[in-house]
Amino acid sequence: MKKTTASLCLIISIASAPALAERNPVDPYEGYNRTVSKFNDKADKYVLSPVARGYRKVTPKPVRTGVSNFFNNLRDVISFGSNVLRLDVKRASEDLVRVGINTTFGLGGLIDVAGAGGVPSNKNTLGDTFASWGWKNSNYFVVPLLGPSTVRDTVGNAVTTVYPVKNAVFHTRAGRWGTTGLQAINTRKELLDLTDSLEGAAIDKYSYTRDLYMKVRTQQTGGTLPQSEDDNIDIDDLVDSNTTSEPVAPQSAPAEIPDIANPQTLYQTPSENP
């Protein structure tokens, strides 16, 4: 019991030390990022999260599923273009098949017929394209209202924001702004369960989000994370040097990092409460 308590105290003290975040070479824009994160948290607390909860409460699940499928179908169009630029014929063909089937037989994308048929969902972005061209490593960057990203992915998303695919579907200003709002609410709805759990689990929500995001995104793009001096600290050695030798129970396997197709679904949970 004493060893468990000592280990927990040591881990907490290391994880919560401000100096670690300041020296993290993967986050050179930390001052800006933390400021924007605080702004995003306030906007989420008073606007986005309450609206998303109300949307989930009053909207029937089949309708919510149809809305999600519709926006996923638009993302398949972006994925198709990204894979064409990457010269990835296989994935581009899969994206084209998904768009064709879901748009034609899925009532404009409201029903994921292609997914039911086993067609892979790639959801690649321009950020993935830039990575395939050589821009594999990029610094963490928090986008106002949109949240975690990297400089590379922000540049890629800026292109699709200025020239959104939905403009080909909605030709009026009201339609475009309406779908933008609905998409934001739908995206926030999909993240409710996980962000609620993060509130109580993370010692430093910003650092936890940043480190998880960068680890997963770096694995997706084939990049490498800069190593700081603190990465060389062996917590087990530090604990052993401050405690007496006692039998240690077998450790369980570490949790696996989710297999995520793109950064926009980094915190998307596999299931949703009704």
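Here are the numbers for this structure:
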item	result
Matching residues in region 150-171 - criterion: being over 27 Å from Thr224 (Cβ atoms) and either touching a Phe, Trp or Tyr at 6+ places or on another chain (Cβ under 6 Å) or open to solvent by less than 40 Å² (accessible area, probe 1.4 Å) (or both)	Pro164, Lys166
Flag for Leu87 being part of a loop (DSSP other than H, G, I, E, B) and more than 20 Å from the chain's Cα centre (by Cα)	yes
Meets criteria (touching a helix residue (DSSP H, G or I) at 6+ places or on another chain (Cβ under 8 Å), under 29 Å from Leu96 (Cβ atoms) and open to solvent by less than 40 Å² (accessible area, probe 1.4 Å)) for Asn33	no
Odd one out for Ile203 among (1) of a type in the set (A, V, I, L, M, F, W, C); (2) touching a Leu at 6+ places or on another chain (Cβ under 7 Å); (3) surrounded by fewer than 14 Cβ atoms within 10 Å (Cβ to Cβ)	(2)
Region 82-136, residues that are among the hydroxyl-bearing types (Ser, Thr, Tyr), open to solvent by less than 70 Å² (accessible area, probe 1.4 Å) and free of Cβ contacts under 8 Å to residues at least 12 places away in the same chain	Ser93
Enumerated helices (runs of 4 or more DSSP H) restricted to region 173-263, each holding at least 3 residues that are at pLDDT 75 or above	173-201, 205-221
Number of positions in region 106-164 that are part of a helix (DSSP H, G or I) and of a type in the set (D, E, K, R)	3
Per-region count, region 56-80, residues open to solvent by less than 70 Å² (accessible area, probe 1.4 Å) and more than 21 Å from the chain's Cα centre (by Cα)	2
Single unsatisfied condition, Val97 versus (1) closer than 30 Å to Ser207 by Cα; (2) part of a helix (DSSP H, G or I)	(1)
Single unsatisfied condition, Phe141 versus (1) at pLDDT 95 or above; (2) within 21 Å of the chain's Cα centre (by Cα); (3) open to solvent by less than 40 Å² (accessible area, probe 1.4 Å)	(3)
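Rundown of residues vs (1) open to solvent by 70 Å² or more (accessible area, probe 1.4 Å); (2) within 16 Å of the chain's Cα centre (by Cα), yes/no style:
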| position | (1), (2) |
| --- | --- |
| Arg173 | yes, no |
| Thr180 | no, no |
| Thr187 | no, yes |
| Thr195 | no, yes |
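The values are calculated or read from the model by the stated rules, or taken from the named source; none is laboratory data. Being a predicted model, the structure only gives us computed values, none of them experimental. Note that we place each Cβ from the backbone using ideal geometry, even for glycine, and neighbour counts take in every protein chain shown. Only protein heavy atoms, including side chains, enter the accessible area calculation; ligands, DNA and RNA are left aside. Shrake-Rupley method; radii C 1.70, N 1.55, O 1.52, S 1.80 Å.
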